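Trainee: Here it is: the structure, laid out below.
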Amino acid sequence: MKKGEKLYEGKAKIIYATDDPNLVIQYFKDEATAFDGKKKGIIENKGVVNNRISEALFNMLTENGVHTHMVERLNDREMLVKKLNIIMVEMIGRNIAAGSLAKRIGLEEGTVLPRPIVETYYKSDALGDPMLCDEHIFMMELATPAQLETMRETTRKVNRLLTDFFAARKLRLVDFKVEYGVHNGEVLLGDEICPDTCRLWDMDTDEKMDKDRFRRDLGKIEETYAEVARRVCGEI
Ligand code: TMP
Ligand code: ASP
């Protein structure tokens, strides 16, 4: 597989072309941002750890019938993935109130939701990722009703699978964000799944084991990412 030109650079990853027009390489950076890029920093080794964690989670999801973009992890920081036409809707699954949900509806952080919920947001840094309802999504033609239904049902299934997987590793899945794209007409789970994109609390201590350590300046950031990798992948 030959690495080609840089196609796109985001806040946490870079996408490179390959000699196969159906495949691209996603390169995981150590850069971290929060609050729509207003807070910036480096989390040492984050790219390596998130690449490994994403690989393990995509493998588990694939084994359980979820269609993802991952082909294989190539090396420490690169993953070969199917090229997607990204659907510009971020899907957020939640089990416990935290972050923007706690703020929006005045729920105390940590309140267990009566049932899991899935929310939809516009993937737009310029607008600060505003929440969208279905009518907005269809009006803007961001996704068809069938695509949205697939994304919602897949996100619910991903939530069930990730919740059990993390629970077996003493981690509570509070909430998470996933993205989808279209490849040869099929909606595939894309992006990455890692402590940047999930809230994970230690089952015994409720300690935050995710990017909130960076967002809220809680310290022990690198150690925490390494610990999540150890629980998810074993020693790396
Ligand atoms: P929120 O509570 O800030 O809406 O975040 C919900 C979940 O989504 C949390 O696990 C962090 C993740 N997330 C991202 O991965 N990227 C984002 O841009 C945002 C806002 C949240
Ligand atoms: N990644 C997003 C940003 O940089 C938000 C976040 O994860 O808090 O703004």
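The values are calculated or read from the model by the stated rules, or taken from the named source; none is laboratory data. It should be emphasised that the depicted structure is a prediction, and the values quoted were computed from it without experimental measurement. Heads up, the Cβs are rebuilt from the backbone with ideal geometry, glycines too, and the neighbour counts pull from every protein chain shown. Heads up: the accessible areas ignore ligands, DNA and RNA and are worked out on the full protein's heavy atoms, side chains in. Shrake-Rupley method; radii C 1.70, N 1.55, O 1.52, S 1.80 Å.
Trainee: Across all directions of projection, what mean area in square nanometres is found for the Cα convex hull of the chain? Show your work: numbers first, answer last.
Mentor: On the way: hull surface 51.0 nm².
Answer in nm², one decimal: 12.7.
Trainee: Can you compute the radius of gyration and Dmax for segment 161-236, using only the Cα atoms, both in Å?
Mentor: Rg then Dmax for segment 161-236, in Å: 13.8, 45.
Trainee: Moving to a separate point now. To the nearest 20 Debye, how big is the dipole of the chain about its Cα centre, given +1 on the beta carbon of each Lys and Arg and -1 on that of each Asp and Glu? If you can, show how the numbers build up before the last one.
Mentor: Values: 37 positive and 42 negative charges, 53 e Å.
In total the dipole reaches around 260 debye.
Trainee: What does the helix-only formula give at 222 nm for the chain: each DSSP H stretch with n ≥ 4 adding -39500 (n - 2.57), the total divided by the residues, and the result rounded to the nearest 500 deg cm²/dmol?
Mentor: Value at 222 nm, helices only: -9500 deg cm²/dmol.
Trainee: Moving on to the next point. Loop-only check: which chymotrypsin sites (Phe, Trp or Tyr not before Pro) in segment 141-204 are DSSP coil with at most 16 other Cβ within 10 angstrom?
Mentor: Answer in residue order: no site qualifies.
Trainee: Considering all alpha-carbon pairs of segment 128-188, what whole percent are spaced by more than 15 angstrom?
Mentor: Numbers: 1104 of 1830 pairs.
Everything past 15 Å amounts to 60 percent.
Trainee: Less than 11 Å Cβ to Cβ from THR205, Lys/Arg counted +1 and Asp/Glu -1: what total charge do the surrounding residues give? Provide the component values of the computation, followed by the final result.
Mentor: Working: positive: LYS170, ARG172, LYS208; negative: ASP202, ASP204, ASP206, GLU207.
Taking every other residue near THR205 into account, the sum is -1.
Trainee: Placing unit charges on C-beta atoms (Lys and Arg positive, Asp and Glu negative, everything else neutral), compute the dipole magnitude of segment 2-72 about its Cα centre in debye, rounded to 20.
Mentor: Its charge dipole is roughly 380 debye.
Trainee: Using the Kyte-Doolittle scale, which helices in the chain average at least -1.0 and also have C-alpha atoms spread 24 Å or more along the helix axis, with helices defined as whole DSSP H runs? Present the calculation step by step, with values, prior to reporting the outcome.
Mentor: Details: long enough: 46-63 (25 Å, -0.04); 145-167 (33 Å, -0.55).
Sorted by number, the helices that extend far enough and score high enough are 46-63, 145-167.
Trainee: Between ARG115 and ASP19, what is the spin-label point distance in nm, taking each point 7 Å from the Cα along the Cα→C-beta axis?
Mentor: 5.2 nm
Trainee: Give me, ordered by chain and number, the residues 5 or more places off ILE86 or on other chains with an amide H under 5 Å from its own placed amide H.
Mentor: Counting only residues 5 or more places away or on other chains, the set is VAL182.
Trainee: Right, another one. May I ask which residue of ILE137, PHE165, ALA229 lies farthest towards the positive end of the charge dipole of segment 137-236, with charges of +1 (Lys, Arg) and -1 (Asp, Glu) on Cβ and the Cα centre as origin?
Mentor: PHE165
Trainee: Additional query: Give the ranking of ARG216, ARG115, ARG52 by solvent-accessible surface, highest area first, calculated with a 1.4 Å probe.
Mentor: ARG115, ARG216, ARG52
Trainee: Related question: Enter the mean projected area of the convex hull around the alpha-carbon atoms of segment 1-114, in nm², rounded to one decimal.
Mentor: 9.3 nm²
Trainee: Projected area of segment 37-83, taken from the Cα convex hull and averaged over every viewing direction, in nm²?
Mentor: For the Cα atoms of segment 37-83, the hull's average projected area reads 4.3 nm².
Trainee: Excluding ligands and nucleic acids, what accessible area in Å² is computed for MET131 using a 1.4 Å probe, to the nearest 10?
Mentor: Roughly 80 Å² of MET131 is accessible to a 1.4 Å probe.
Trainee: Which GluC sites (Glu not before Pro) does segment 1-46 hold that lie in a coil by DSSP with at most 11 other beta carbons within 10 Å?
Mentor: For GluC sites (Glu not before Pro) across segment 1-46 that sit outside H, G, I, E and B with at most 11 neighbouring Cβ atoms in 10 Å, the list is empty.
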